[in-house]
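Novice: I have a structure I would like to understand better, so I am pasting it below and will then ask my questions one at a time.
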Amino acid sequence: MNRTLVTLLLATSLVAMAKDPQAPAKPAAPAAAPAKAAPAAPAKAAPAAAIVGNKESKTFHKADCKTAAKMKDANKAEFASAAEATKAGYKACKVCKP
């Protein structure tokens, strides 16, 4: 390479570094692989009650029933037991059979 060209490139590099002192002087080393994150928490926690009733269908489910998970929060009624839900006029779910 031509000596003038090398001098010009070096001068341009120094001017660029003077404008941005945070600019790295040499290429950055490749980043290490990120550590594995902890598993994400479930979107919705199961309700505190053992039995969850649907106010619209008048059906009650175990709190971990897949059908109960699809239920809107506004439609949920919580019961301490299946007997309490039956007494309130709810019928048992045919999926989870509480």
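Novice: How large are Rg and Dmax for the stretch 51-92 when only the alpha carbon atoms are used, in Å?
Specialist: For the stretch 51-92, the Cα radius of gyration and maximum Cα-Cα distance read 8.8, 24 Å.
Novice: While we're on this one: Listed highest first by mean packing, meaning other Cβ atoms within 10 Å per residue, what order do 58-70, 82-94 come in?
Specialist: Per-residue Cβ counts within 10 Å, averaged per peptide and sorted highest first, yield 58-70, 82-94.
Each reported figure results from applying straightforward, stated rules to the coordinates on display, with no laboratory input. These numbers were taken from a predicted model, which means no experiment stands behind them. Every residue, glycine among them, receives a Cβ derived from its backbone with ideal geometry; neighbour counts consider all protein chains shown.
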